[in-house]
Amino acid sequence: MANSKYEYVKSFEQPDVLLPNTWIVVRIDGRGFHKLSDYYGFIKPNDRRALDLMNAAAVGVMKDLPDLCIAYGISDEYSFAFHPNCQLFERRSAKLVTTIVSTFTAHYIYLWGTYFPDTPLQPAALPSFDGRAVMYPNSRIFRDYMSWRQVDCHINNLYNTTFWSMVLQGGMDRREAELELKGTLSSDKNEILFKRFGINYNNEEEIYKKGSVLYRQYQLEEKSDSSMQEETSPLQEDMPSKTQQEKIRKLRRKVQVVVDHVDIIKDEFWERRPWILSGKPGKLPTEAKEVVA
Ligand code: DGT
Ligand code: MG
Ligand code: MG
């Protein structure tokens, strides 16, 4: 294309390439979901339909973007992680974030009717999401990020379960319940739940207590301590070429994406699924070789 006198405006575009060889986490979060959950009558404190819809939309994102190696979701948020060796969109932040946000929102809206068949979406309250990309320099810090989100899930869920039991079952005023819970420890909340409402928190559903973790289901491995030692080399020569990347994407598309509600803080999760931290495809499960998720 011929140069025009207007071409110079291109120089106003700012580069936004994320640092090489770092984990990239794109976290999206529902905009104004406090209001939206009231508008559509989400059940308090946890609406299984709303969480299943979040998970289904996230599975859609994982399938559309095979470069993603793991995702973790709670409430109205989801964290999507790219391995340090990922070269998608030359690691441009805006491209990665906007693609994930719009792909997620598209799936969320498309699937809404499956999970809320009696409550159609209204133009006055359309779900939308914001997003940001954060880099983590090594697997230990990346795992700390994931642990942080899962600890948040636990703290929020224990609080919300107790709070809503006091209000809905105990008939307490919201402010009264809030005041009583101020400064309480986990053990206090467990006791309130058990003594007043006969609820053993341990028996609550795992999806509420642990959140949802999505990954590609290769063959589980025996426990070993190799996963944390697997740090990627900073050498550019070690980065997969364009052809290698396409080959890896093809392989990943063949593997089923699973939704799990398990502990991701302890080592076991990562040791048994070394392909997540290594960024290299694992062994295909023998019985599911032909499964296209
Ligand atoms: P934001 O993110 O600053 O635009 O504002 P919000 O209102 O989205 O606030 P946020 O993201 O801190 O909190 C998530 C809200 O979503 C929270 O008020 C509770 C609501 N929510 C999420 N999942 C459920 C659910 O399963 N049931 C109900 N009742 N509410 C939920
Ligand atoms: Mg939100
Ligand atoms: Mg949120």
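FYI, it's all coordinate maths here, none of it is from the lab. Please read these numbers as outputs of a predicted model, since none were measured by experiment. Counting neighbours? That spans all protein chains shown, and the Cβs are built from the backbone with ideal geometry, glycine included.
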- Note on the structure: A correct Karplus calculation of ³J(HN,Hα) over the range 59-65, with 6.51 cos²θ - 1.76 cosθ + 1.60, θ = phi - 60°, whole Hz and x for Gly and Pro, returns 4, x, 5, 4, 6, 6, 10
- The summed charge of the residue 76 Cβ neighbourhood (under 9 Å; Lys/Arg +1, Asp/Glu -1) stands at -1
- Task: Give me the compactness ratio for the range 31-87, meaning the Cα radius of gyration over 2.2 N^0.38 Å.
- Result: 1.34
- Note on the structure: Taking placed amide H atoms and a strict 5 Å upper bound, the residues 5 or more places from residue 128 or on another chain that come that close are 31
- Query: If you take the charge dipole of the range 236-281 about its Cα centre, with +1 on Lys and Arg Cβ and -1 on Asp and Glu Cβ, which of 279, 244, 261 is farthest toward its positive end?
  - Reply: 244
- Message: Quick check on the chain: helices-only [θ] at 222 nm, where DSSP H runs of length 4 and up contribute -39,500 (n - 2.57) each and the sum goes over total residues. Nearest 500, please.
- Response: -13000 deg cm²/dmol
- Query: Once amide H atoms are placed 1.01 Å from N in the peptide plane, what residues at a sequence separation of 5 or more from residue 42, or on another chain, have their amide H within under 5 Å of its amide H?
  - Reply: none
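State, as an integer percentage, the relative contact order of the chain based on alpha-carbon contacts under 8 Å between residues 6 or more apart. If you can, show how the numbers build up before the last one.
Details: 392 pairs, mean separation 67.7, N = 293.
The value is 23 percent.
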- Per GNM of the chain with C-alpha springs under 10 angstrom, the most fluctuating residue out of 56, 124, 71 is 124
- Message: Which residue fluctuates most in the GNM of the chain (Cα springs below 10 Å): 186, 93, 165?
- Response: 186
- Would you kindly derive the ³J(HN,Hα) couplings of the range 102-116 from the backbone phi angles with the Karplus curve 6.51 cos²θ - 1.76 cosθ + 1.60 (θ = phi - 60°), listing them in order in whole Hz, with x for Gly and Pro? 6, 5, 4, 4, 4, 5, 4, 6, 4, 8, 3, x, 5, 9, 10
- Task: Work out from phi, with θ = phi - 60° and the Karplus expression 6.51 cos²θ - 1.76 cosθ + 1.60, the ³J(HN,Hα) of each residue of the range 77-85, listed in order in whole Hz, and give x for Gly and Pro.
- Result: 10, 9, 10, 10, 10, 9, 5, x, 8
- Task: With a/c under 1.5 counting as rounded, go ahead and sort the chain into rounded, prolate or oblate using the C-alpha gyration tensor (a ≥ b ≥ c being the square roots of the eigenvalues; past the cut-off, prolate if a/b is larger than b/c, else oblate).
- Result: prolate
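Please get the size of the charge dipole for the chain, origin at its Cα centre, with Cβ charges of +1 on Lys and Arg and -1 on Asp and Glu, quoted in debye to the nearest 20.
Values: 39 positive and 40 negative charges, 141 e Å.
Here the chain has a charge dipole of around 680 debye.
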- Under 5 Å from the placed amide H of residue 70, counting only residues 5+ away or on other chains, we find 81
- Can you find, among 167, 125, 43, the residue farthest towards the positive end of the dipole of the chain? Put +1 on the C-beta of Lys and Arg, -1 on that of Asp and Glu. 125
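Net charge near residue 107, counting Lys/Arg +1 and Asp/Glu -1 over other residues with Cβ under 10 Å of its Cβ? Mind showing how you got there, number by number?
Numbers: positive: 63; negative: 64.
After counting each charged neighbour, the total is 0.
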- Item | Test item: Cα-centred dipole of the range 1-61, Lys/Arg +1 and Asp/Glu -1 on Cβ, debye | 160 debye
- Task: Sum up the charges of everything whose Cβ sits under 10 Å from the Cβ of residue 25, counting Lys and Arg as +1 and Asp and Glu as -1, but leave residue 25 out.
- Result: +3
